[in-house]
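Peer 1: Mind looking over this structure? Questions follow.
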Amino acid sequence: MRWIAVFVAALIGVAMQSGAQNTPAGTPVPVRGTIEKLDGQNLSVKTREGPVATIALADNVTVQGVAKRSLAAIKAGDYVASTSVKGTDDKLHAVEIHIFPEAMRAAVTEGQRPSSLVEGGLMTNATVVGITPAPPQGELLKVTYKDGTAEVIVAPDTPIVTYVAGDASLLKPGAAVTIFAQKKPDGSLTTARVTAEKDGVKPPM
């Protein structure tokens with residue numbers, strides 16, 4: 001149950017649109033990039049935007065990794081989160097997909113909301129209705145949620161992951177990380193959890 005709670009908190013962060021420089025104190029701030037160094041409880045991350053961010057890790061920080069999955073692992077009735085963008089064809093195209101364990105279904109709010117993963121990104125937490133061929137682009141993932149339905153085109157190279165347990169040994173220079181830190185009144189960042197690259201599998205960034 002503790003692991004599920006940590007996983008829920010991380011995925012809630014994925015759904016929030018924010019920026020470190022203009023985000024009010026107390027709001028989750030997404031930090032995505034590669035580790036430069038870990039100095040005690042201070043983690044320095046070279047962000048994908050360029051600047052280095054320093055995040056203070058809580059004493060009880062939880063580190064989790066990601067593991068690859070395939071579209072074949074997804075079946076009707078599964079609960080998934082997909083980040084997508086609208087293409088020139090006016091259809092949603094998946095940027096990445098997370099597969100939720102069944103125990104997460106009641107804990108993660110279904111629906112659609114903006115995602116900070118990519119510009120114009122949309123996150124959809126929903127139940128899978130089915131998957132059908134959508135040549136030549138890939139396959140069509142059909143999902144349903146409380147307020148509607150969605151169809152997302154999934155290309156063969158779309159990252160599909162789930163979360164796995166990790167530890168501080170993953171926090172090494174060069175490892176890719178995704179963090180949803182809390183901004184303190186003085187502008188510093190802190191976090192109680194880090195999603196890090198594991199066995200060569202990087203968090204979708």
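Peer 1: It is to be established whether one or more residues within the range 30-42 are modelled with pLDDT under 95 and more than 19 Å from the chain's Cα centre (by Cα).
Peer 2: No - not one qualifying residue is present in the range 30-42.
Peer 1: Next question. Give the number of residues within the range 102-115 that are under 18 Å from V161 (Cα atoms) and touching a helix residue (DSSP H, G or I) at 6+ places or on another chain (Cβ under 8 Å).
Peer 2: Qualifying residue count for the region: 4.
Peer 1: Could you check, for the range 132-141, whether at least one of its residues is under 19 Å from F180 (Cα atoms) and touching an Asp or Glu at 6+ places or on another chain (Cβ under 6 Å)?
Peer 2: Taking every residue of the range 132-141 in turn, none turns out to be under 19 Å from F180 (Cα atoms) and touching an Asp or Glu at 6+ places or on another chain (Cβ under 6 Å).
Peer 1: Additional query: Please specify each residue of the range 95-112 satisfying the condition of being at pLDDT 80 or above and either under 12 Å from the mean Cα position of the chain (by Cα) or not in a loop (DSSP other than H, G, I, E, B) (or both).
Peer 2: V95, E96, I97, H98, I99, F100, E102, G111, Q112
Peer 1: Here's a check for you: in the range 34-90, which residue that is basic (K, R), assigned to a strand (DSSP E or B) and free of Cβ contacts under 8 Å to residues at least 60 places away in the same chain is surrounded by the most Cβ atoms within 10 Å (Cβ to Cβ)?
Peer 2: Once the filter is applied, the top-ranked residue is K46.
Peer 1: Another one. Could you list, in sequence order, all residues of the range 132-167 that are at pLDDT below 95, open to solvent by 30 Å² or more (accessible area, probe 1.4 Å) and aliphatic (A, V, I, L, M)?
Peer 2: Scanning the range 132-167 gives V164, A165.
The values are calculated or read from the model by the stated rules, or taken from the named source; none is laboratory data. Keep in mind that what you see is a predicted model, and the values were worked out from it rather than measured. Note that each Cβ is placed from the backbone with ideal geometry, even for glycine, and that neighbours are counted across all protein chains shown. Protein only, heavy atoms only, side chains kept; ligands, DNA and RNA dropped before computing areas. Shrake-Rupley method; radii C 1.70, N 1.55, O 1.52, S 1.80 Å.
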